[in-house]
Amino acid sequence: MASPHIESLPAPPPLARGALRVTPLGGLGEIGRNMTVFEHQGKLLVVDCGVLFPEDHQPGIDVILPDFTSIRDRLDDIVAIVLTHGHEDHIGGVPYLLKERADIPVIGSELTLAFISAKLKEHRIRPRTVHVEALDTHTAGPFELEFVAVNHSIPDGLAVAIRTKAGLVLHTGDFKMDQFPLDDRITDLRHFARLGEEGVDLFLTDSTNAEVAGFTTSERELTPAIDHVFATAPRRIIVSSFASHVHRIQQVLDAAHRNGRKVAFVGRSMVRNMGIARDLEYLNIPRGLVVDFGKLESMPDDKVTLICTGSQGEPMAALARMANGDHQISVGDGDTVLLASSLIPGNENAIYGIINKLTDLGANVVHKGNAKVHVSGHASAGELIYCYNIVKPRNVMPVHGESKHLHANGALAVRTGVPEDRVIIGADGVAVDLVKGRATIAGRVPAGLVYVDGQTVGRATEDTLKERRLLREGGVVTVVALVDPANNTLAEPLEFLTKGLVHDDHTFDGVQAEVEKALEKATPAQTKDLEALEGIVARAVSRFVRRKYRREPVVIAVVIDA
């Protein structure tokens with residue numbers, strides 16, 4: 001299998017005449033931030049544009065975007081954005097791309113377009129949308145698109161076949177092969193087979209569950225476990241799920257209805273998305289089942305169900321705020337909290353922290369680890385093998401997953417007969433060219449993490465996060481130094497202000513001498529530069545604290561002329 005040494009790859013050369021270039025800008029080496037750019041005959045096609053949710057080591061970050069650097073000077077060449085489905089890791093980045101060029105056509109299914117249009121309305125963007133359904137075809141520049149129904153954990157998922165003069169590419173999007181889905185919409189394997197008979201030159205396949213043997217459990221098998229929770233919970237039930245997980249919300253609504261409970265949605269995104277799903281009839285809500293949250297406050301606890309966001313431990317989501325006592329809903333003894341989503345890799349510590357806090361508050365927390373209340377939305381190894389045998393692709397490029405998932409998926413392709421040198425294990429930014437039926441690595445473009453930090457995009461850097469981690473872990477020390485410019489010595493004893501650093505009256509004993517030694521070594525140029533002097537003082541204090549206390553606070557020095 002071709003697996004590049006990322007750092008050593010040069011920038012890709014200009015695309016050969018008649019060739020197709022495929023460049024993932026996110027989603028390879030991570031769970032989320034999915035985005036792939038296809039280039040042919042001078043035009044670009046974007047498939048998905050999602051976000052990645054931050055981990056513990058990225059404090060203060062809201063979401064993480066794909067890197068648009070490689071296409072920023074070619075925005076006018078983009079003929080369309082194709083969205084495979086409506087989950088945030090596939091659509092969350094669209095507003096940020098459309099802010100750079102608002103009239104790019106956005107192609108997707110009914111529910112997907114409804115979700116992205118509502119999101120774009122909040123960003124004050126009115127998109128140019130193109131509604132497609134399974135079996136539809138659509139031409140965007142030199143790309144002929146054909147859409148295939150796939151089953152996932154959200155309705156209306158689509159795979160997309162991309163025909164160009166360079167060959168046929170099949171991109172699965174996120175999918176699985178549930179044979180008894182809640183909406184009776186199965187993955188169209190007959191369509192996959194027809195494309196296979198035509199000849200798929202490059203197969204981009206969902207890798208998230210490639211390490212899991214067998215077939216993914218059917219959604220319907222969760223019903224007894226969810227029903228058991230609703231039949232036995234003594235007080236309120238608080239369900240946490242993705243705001244786009246329509247299938248799971250439907251199961252919760254059905255269970256609540258069977259057990260005589262009323263339901264309220266909590267949180268802006270949950271209320272918005274479930275309202276859209278209901279209006280488009282993707283969500284079947286019995287009359288009178290869902291009520292405003294305020295009406296539940298006067299009802300007996302054993303007749304109440306609340307559905308909110310926060311199943312991934314997001315610090316600002318409703319569930320985390322409940323766990324921290326920072327929400328109008330107070331969790332207490334006898335409440336049941338049902339986590340109805342999987343654990344995204346990297347979020348485990350945050351999720352388990354919330355579980356522990358909720359447990360300490362007296363709640364019974366039901367999750368995938370102790371009950372059968374969630375199944376994956378992604379194809380397991382058996383399903384992937386099945387698809388390889390149906391499609392019989394000439395080249396394979398696993399997508400959507402961490403490196404271990406991509407390699408596991410590639411190994412499955414090889415087991416089904418795809419030659420090892422026709423399986424490419426890529427990475428974000430690695431460009432792959434399809435020329436005369438052969439896919440090869442062409443080079444690498446920038447594909448770093450772009451942080452959304454409040455109202456700023458891309459301004460927070462790794463250095464910013466390093467400073468935040470230091471503040472979180474070591475606190476901050478501000479040292480005020482009154483320096484006599486005549487002889488470059490301290491005119492008065494140093495003064496210290498600290499935040500987050502454990503200290504007493506003797507903590508900084510001895511640091512004065514260290515600073516004086518450092519000032520003695522200052523060059524004449526440094527003695528005339530207040531910023532340089534502040535750097536000298538800060539480094540001396542930092543060395544002292546690190547050596548004596550094994551702590552690394554952020555040290556800020558303020559130097560004043562005496």
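With the Cα gyration tensor of the range 19-159 giving a ≥ b ≥ c as the square roots of its eigenvalues, does the rule (a/c under 1.5 for rounded; else a/b larger than b/c for prolate; else oblate) give rounded, prolate or oblate?
On the way: a/c = 1.42, a/b = 1.19, b/c = 1.19.
Since a/c stays below 1.5, the shape of the range 19-159 is classed as rounded.
Placing +1 on the Cβ of every Lys and Arg and -1 on the Cβ of every Asp and Glu, with no other charges, gives the range 73-203 a dipole of roughly 380 debye about its Cα centre. Taking Cα centroids, how far is the range 74-93 from the range 175-205 in Å? Between the Cα centres of the range 74-93 and the range 175-205 lies a distance of 21 Å.
Once the Cα atoms of helix 223-232 and of the chain are each reduced to a long axis, what angle between those two axes, in degrees from 0 to 90 to the nearest 10, is obtained? Tilt of helix 223-232: around 60 degrees. For H405, neighbours were defined as the other residues whose beta-carbon sits under 11 Å from its Cβ, and their charges (Lys and Arg +1, Asp and Glu -1) total -3. Simple spin-label estimate for V480 and V414 gives 6.6 nm between the two label positions (7 Å along the Cα-to-Cβ direction from each Cα). Taken about its Cα centre, the chain carries a charge dipole of roughly 840 debye when the Cβ of each Lys and Arg holds +1 and the Cβ of each Asp and Glu holds -1. May I ask which residue of L497, A525, N284 lies farthest towards the positive end of the charge dipole of the chain, with charges of +1 (Lys, Arg) and -1 (Asp, Glu) on Cβ and the Cα centre as origin? Positive-most Cα among the choices belongs to N284.
Per-residue Karplus couplings for the range 177-184, computed as 6.51 cos²θ - 1.76 cosθ + 1.60 with θ equal to phi - 60°, are listed in order as 10, 4, 8, 10, x, 4, 9, 6 Hz, Gly and Pro entered as x. For Cα extents along the principal axes in Å, several values are listed as [x] 102, 52, 43; [y] 86, 50, 44; [z] 85, 70, 44; flag the one computed from this structure. Recomputing Cα extents along the principal axes in Å here gives the entry labelled [z]. Working from Cα positions, state the angle (0 to 90°, nearest 10) between the long axis of helix 511-520 and the longest principal axis of the chain. Relative to the chain, helix 511-520 is tipped by roughly 80 degrees. The range 459-494 and the range 40-58 have Cα centres spaced 38 Å apart. Hey, can you grab everything whose amide H is under 5 Å from the amide H of I556? Only 5+ residues off in sequence or another chain; H modelled, so Pro and N-termini drop out. The answer is V477, T478, V479. Rounded to the nearest 10 degrees, the inclination of helix 530-549 to the longest alpha-carbon principal axis of the chain is 80 degrees.
Summed over the residues of the chain and divided among them, the accessible surface reaches 44 Å² per residue at a probe radius of 1.4 Å.
Across the range 492-499, computed HN-Hα scalar couplings (Karplus, 6.51 cos²θ - 1.76 cosθ + 1.60, θ = phi - 60°) run 9, x, 5, 10, 10, 10, 10, 9 Hz from first to last residue, x flagging Gly and Pro. Take the Cβ atoms of D73 and D421, set R0 to 45 Å, and the FRET efficiency comes out at 0.85. Computed about the Cα centre, the dipole magnitude for the range 471-562 is approximately 560 debye when only Lys and Arg (+1) and Asp and Glu (-1) carry charge, each at its Cβ.
Okay, which of the range 539-562 sit inside 11 Å, backbone N to the point 7 Å along the Cα-Cβ direction of A532? Backbone N within reach: none found. For the listed peptides 142-154, 263-275, a ranking on the average number of other beta carbons within 10 Å per residue, highest first, reads 142-154, 263-275.
Solvent-accessible area assigned to carbon and sulfur over the chain amounts to 49 percent, based on a 1.4 Å probe. Karplus-derived 3J(HN,Hα) values for the range 126-139, using 6.51 cos²θ - 1.76 cosθ + 1.60 with θ = phi - 60°, are 9, x, 8, 9, 10, 7, 10, 10, 4, 6, 6, 10, 8, 9 Hz; glycine and proline are entered as x.
The values are calculated or read from the model by the stated rules, or taken from the named source; none is laboratory data. Treat the numbers as computed from the prediction; the structure is a model and nothing was measured. Methodologically, a virtual Cβ is constructed for each residue, glycine included, from the backbone with ideal geometry; neighbour enumeration extends over all protein chains shown. For accessibility, only protein heavy atoms count, side chains too; no ligands or nucleic acids. Shrake-Rupley method; radii C 1.70, N 1.55, O 1.52, S 1.80 Å.
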